[in-house]
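Engineer: Here's a structure for you.
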């Protein structure tokens, strides 16, 4: 995997939607996210939950300088006029009591309905309110969180050896989620619940996070989009000025720029 440094030209979009960064964990790809934030300029940024992993920080402190730089980068964007809206998730639920307040120019809200450029209404929420495990059995959710972190640990070392052999990145945890029947069923049930809520609230688009499963597809009358995460997929959603919604896979953006004529001087580095 590669990360694009800030020598690339900036790309302007109307809105960015980013979720599940999990600052405070070893799996967070903070350096890649910084490159992403340098590359894209937006009028509005929605932080769609699990930005800071308070669960993991409470258990064991891990906060390298790159995580601090991500926070500083977002605060700097807010100072320069970017509207930043923070919708807390379950891992940063400590922020929910502050809904309605503003910190450093960053607005905290529970969830939002916004009007897109093309006139459609979009419901924006993290999505954990539909996760009955998180709502009713927090101890089991924490156990699942530890299992996911263990899978990320395996990813890190497995892909170190794959890089030595010249092999591409392969996600152990993503493959496991795709093949375990219960995980597949959970993702489907989650998507159905989110779409039903969007329909109930009169939206035509729903943008969420939570399950670390980046996707964009039409589900009946609702266009469903999940931001993915910055632990494995390194994905986000952009609304362009023409109203087009795009699921951005950062690794694909990096590969595209690396192959374009005139950009041969871009410095590429392994991603965390």
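Engineer: For residue 160, are the conditions met, namely being part of a helix (DSSP H, G or I), more than 20 Å from residue 210 (Cα to Cα) and either more than 20 Å from the chain's Cα centre (by Cα) or at pLDDT below 60 (or both)?
Structural biologist: The answer is yes for residue 160.
Engineer: Take segment 215-242 and flag every residue that is out of contact with any strand residue (DSSP E or B) (no Cβ under 7 Å at 6 or more places or on another chain) and either farther than 23 Å from residue 39 by Cα or not in a loop (DSSP other than H, G, I, E, B) (or both).
Structural biologist: 218, 219, 220, 221
Engineer: If the Cβ limit is 7 Å and pairs must be 6+ apart or interchain, which residue in segment 51-74 that is within 27 Å of residue 110 (Cβ to Cβ) pairs with which residue that is assigned to a helix (DSSP H, G or I) and modelled with pLDDT of 95 or more?
Structural biologist: Taking only residues 6 or more apart or on different chains, the pairs are 54/94; 67/30; 70/30; 70/33; 70/34; 73/34; 73/37.
Engineer: For residue 270, state whether it is loosely packed, with under 15 Cβ neighbours inside 10 Å, modelled with pLDDT under 95, in contact with a strand residue (DSSP E or B) (Cβ under 8 Å, 6 or more places away or on another chain) and over 17 Å from residue 111 (Cα atoms).
Structural biologist: It is true that residue 270 is loosely packed, with under 15 Cβ neighbours inside 10 Å, modelled with pLDDT under 95, in contact with a strand residue (DSSP E or B) (Cβ under 8 Å, 6 or more places away or on another chain) and over 17 Å from residue 111 (Cα atoms).
Engineer: For segment 217-234: of the residues being touching a helix residue (DSSP H, G or I) at 6+ places or on another chain (Cβ under 7 Å) and closer than 17 Å to residue 25 by Cβ, which is surrounded by the fewest Cβ atoms within 10 Å (Cβ to Cβ)?
Structural biologist: 232
Engineer: Has segment 198-214 got at least one residue that is in a helix (DSSP H, G or I), modelled with pLDDT of 80 or more and surrounded by 20 or more Cβ atoms within 10 Å (Cβ to Cβ)?
Structural biologist: Checking segment 198-214: at least one residue is in a helix (DSSP H, G or I), modelled with pLDDT of 80 or more and surrounded by 20 or more Cβ atoms within 10 Å (Cβ to Cβ).
Table: residues versus (1) in contact with a strand residue (DSSP E or B) (Cβ under 9 Å, 6 or more places away or on another chain); (2) surrounded by 15 or more Cβ atoms within 10 Å (Cβ to Cβ); (3) more than 22 Å from residue 239 (Cα to Cα).
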{"residue": "83", "(1), (2), (3)": "yes, yes, no"}
{"residue": "89", "(1), (2), (3)": "no, yes, no"}
{"residue": "92", "(1), (2), (3)": "yes, yes, yes"}
{"residue": "98", "(1), (2), (3)": "yes, no, yes"}
{"residue": "102", "(1), (2), (3)": "yes, no, yes"}
{"residue": "108", "(1), (2), (3)": "yes, yes, no"}
{"residue": "116", "(1), (2), (3)": "yes, yes, no"}
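Here's the yes/no breakdown for (1) in a strand (DSSP E or B); (2) under 23 Å from residue 40 (Cα atoms); (3) modelled with pLDDT under 95:
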| position | (1), (2), (3) |
| --- | --- |
| 81 | no, yes, no |
| 90 | no, no, yes |
| 110 | no, no, no |
| 119 | no, no, no |
| 123 | yes, yes, no |
| 126 | no, yes, no |
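Engineer: Regarding segment 20-37, can at least one residue be identified that is outside any helix (DSSP H, G or I) and either free of Cβ contacts under 8 Å to residues at least 40 places away in the same chain or under 20 Å from residue 239 (Cβ atoms) (or both)?
Structural biologist: Checked against the condition, which is being outside any helix (DSSP H, G or I) and either free of Cβ contacts under 8 Å to residues at least 40 places away in the same chain or under 20 Å from residue 239 (Cβ atoms) (or both), segment 20-37 yields at least one hit.
The values are calculated or read from the model by the stated rules, or taken from the named source; none is laboratory data. Since the model is a prediction, treat every value here as computed from it, not as a measurement. Cβ atoms come from the backbone with ideal geometry, glycine included; neighbour counts cover every protein chain shown.
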